[in-house]
1. In Å², what does the accessible area per residue of the range 1-146 work out to with a 1.4 Å probe?
2. Show the residues, 5+ positions off or on another chain, whose built amide H is closer than 5 Å to the amide H of T130.
3. Ranked highest first by the average count of other Cβ atoms within 10 Å around their residues, in what order do 87-100, 39-52 fall?
4. Checking understanding here: applying a Kyte-Doolittle mean of at least -1.0 and a length along the axis of at least 15 Å (C-alpha), which whole DSSP H helices in the chain pass?
5. Pop out the ³J(HN,Hα) list for the range 71-82 in order, Karplus 6.51 cos²θ - 1.76 cosθ + 1.60 with θ = phi - 60°, rounded to Hz; leave Gly and Pro as x.
6. Assuming 0.36 nm per residue, please report the length gained on full extension of the stretch R119 to T62 beyond their Cα-Cα distance.
7. Stretch Q139-E90 to full length: gain in nm at 0.36 nm per residue minus the Cα-Cα span?
8. Taking all protein chains in place and a 1.4 Å probe, what share, in percent, of the accessible surface of the chain do carbon and sulfur account for?
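The values are calculated or read from the model by the stated rules, or taken from the named source; none is laboratory data. Keep in mind the model is a prediction, meaning the values are calculated, not measured. Every residue, glycine as well, gets a Cβ built from its backbone with ideal geometry; the counts of neighbours run over all protein chains shown. In case anyone asks, the SASA skips ligands and DNA or RNA and just uses the protein heavy atoms, side chains included. Shrake-Rupley method; radii C 1.70, N 1.55, O 1.52, S 1.80 Å.
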Amino acid sequence: RRGFAAIAVITLALGVGANTAIFSLVRGVLLRPLPFSEPERLIGIRESKVGEGHNNPMAFRTFAEIRDKAQTIESIAAYVNSNPTIEQAEGTVSVQGARVSHSYFRVLGVHPIFGRDFRPEDDKLGVPLTAILSYELWQQLYGGDREIVGKLVKIDAQSVAVIGVMGPI
């Protein structure tokens, strides 16, 4: 019967298509390795606060204590997600970013494609602010201009020296 055969073929096609879509999603989100050197050695640490749940950013004081006293951690870095605004000639642009400690990229095992990485002195209070741009942001806002390294840009109304650009993910 043609009607029955058509329904069976459509049902099988939908089943195979749904299975492929779900597997692709699971593979892309859960099974793909992180794009870092030795991702199996990375851990994340969060703070729990009574009444506030378990997904709180760690206080800097806690980070500094772990960094200074831990004996089983090879190295440690900190980051806090942020959404800074960058001033452009056409106006301000809101971007997704993070404030990170100087060791962040070394812990992840990645390095800028040009320019330099953060140094310990970049973490100190009172020193000029520095930034490393993502490859995508560098392309979108600065058209891939290598001369951006060493220049000052206005991020959240503060002058920040661009010291490097990370590679594409």
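1. Working: 11380 Å² over 146 residues.
The answer is 78 Å² per residue.
2. A161
3. On the way: 87-100: 12.2, 39-52: 8.9.
Peptide ranking by packing, descending: 87-100, 39-52.
4. Details: long enough: 2-26 (36 Å, 1.70).
What comes out of the filter, once short or polar helices are dropped, is 2-26.
5. Once θ is set to phi - 60°, the couplings for the range 71-82 become 10, 9, 9, 5, 7, 9, 9, 10, 8, 9, 4, 8 Hz.
6. Details: separation 57, 0.36 × 57 = 20.52 nm, distance 2.12 nm.
Extending this stretch completely gives an extra 18.4 nm.
7. Values: separation 49, 0.36 × 49 = 17.64 nm, distance 1.64 nm.
Fully extending the segment from Q139 to E90 adds 16.0 nm.
8. Values: 7200 of 12620 Å².
Here carbon and sulfur together make up 57 percent of the probe-accessible area.
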